[in-house]
Amino acid sequence: YELCRRGAPADGLRALLRTAERCAPCAVILEHAEVFGSPSAEAEADWGVLHTIASFHRSAAPGVLLILECADPSLLHPLLCASADLALSIPLPSAPERAALVSSAAADLALAPPPPALLRAIARRMHGLTAADIAAVCSNARLSAVRCACASAASDAAAAAAVTVATEAEWLAASGSARPSALLGVGMGERDLGDASWRQIGGLAAVKRRL
C-alpha cells in the first residue's frame, strides 16, 4: 500500500488491513510513511491514517507483520513507530541512480532514453523522486511525444505506436512538473539540499562564511 500522497483515504487502508488479517500470515508494507506525520509537523499529520494504523496494531491478528518504509526513521511520527513491527530506511536514489532509473523506465515504455548530457541534467533536478515518480516522468514524456505525433498524423494509433523518442523540451517539461513524493510534508535537512557548491551558488564570501 503506497502511502505516497498526503490525504490518501484511510478507508482504503482499513480495507487493506482487513484483507491482511484474512491472508495471515503475511506482511503489510507501508511505503513513504513519513509523509503522514513527523515529530516536527504535528499539526500537519494525517490523523485518519495514523489512528487507523494504531488501531490495527492494538487489535491485529497474530501473523500480520506491519512494516514501514521511509527515507529516514527519525522523520516518522511517534504513533507510527509505536504501531509498526519494523521500520526500513531506504535512502533516496542518488543522481547516478536516478539516471539509471530513467533509462530503465524509458526502456519499459519502448522509449529511447535522453542523450547522456540531458540525462545527467534531468537526474540532477530529480532529487526527492522515487522510482515510481521517475517512471511517471518517463510516461509523461512519452505522452507528450505521442500528442505531438498525433497532431500531425492521420491515424492516432499508428502515430502513437511509432513514437520512440521524446524531445529535450518534452523531457524537461515532464521532469520539471514531477512532485517529489518522498519529500511531501517532510522538513528538509542539510543532507537533503542537493550537491551544489558555494562556487556554483555565487554570492559574497563573507556572507557564505557566516552561513
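The residues of the stretch 85-105 that are open to solvent by 50 Å² or more (accessible area, probe 1.4 Å) and in a helix (DSSP H, G or I), listed by number, are Pro96, Glu97, Ala100, Leu101, Ser104.
Could you grab me the full set of residues in the stretch 1-39 that are outside any helix (DSSP H, G or I), modelled with pLDDT of 65 or more and either open to solvent by less than 30 Å² (accessible area, probe 1.4 Å) or among the hydroxyl-bearing types (Ser, Thr, Tyr) (or both)?
The first filter runs over the stretch 1-39 and keeps only residues outside any helix (DSSP H, G or I), leaving 1-9, 24-32, 37-39.
From what is left, the residues that are modelled with pLDDT of 65 or more are 24-32, 37.
Once the filter is applied, which keeps residues that are outside any helix (DSSP H, G or I), modelled with pLDDT of 65 or more and either open to solvent by less than 30 Å² (accessible area, probe 1.4 Å) or among the hydroxyl-bearing types (Ser, Thr, Tyr) (or both), the stretch 1-39 yields Val28, Leu30, His32, Gly37.
Could you list, in sequence order, the residues of the stretch 59-68 that are in contact (Cβ under 8 Å) with a residue 24 or more places away in the chain and either of a type in the set (Lys, Arg) or more than 12 Å from Phe36 (Cβ to Cβ) (or both)? Ala60, Ala61, Pro62, Gly63, Val64, Leu65, Leu66, Ile67 - these are the residues of the stretch 59-68 that are in contact (Cβ under 8 Å) with a residue 24 or more places away in the chain and either of a type in the set (Lys, Arg) or more than 12 Å from Phe36 (Cβ to Cβ) (or both).
The values are calculated or read from the model by the stated rules, or taken from the named source; none is laboratory data. Quick caveat, the model's predicted, so the values are computed rather than measured. Every residue, glycine among them, receives a Cβ derived from its backbone with ideal geometry; neighbour counts consider all protein chains shown. Ligands, DNA and RNA are excluded from the accessible area calculation, which covers all protein heavy atoms including side chains. Shrake-Rupley method; radii C 1.70, N 1.55, O 1.52, S 1.80 Å.
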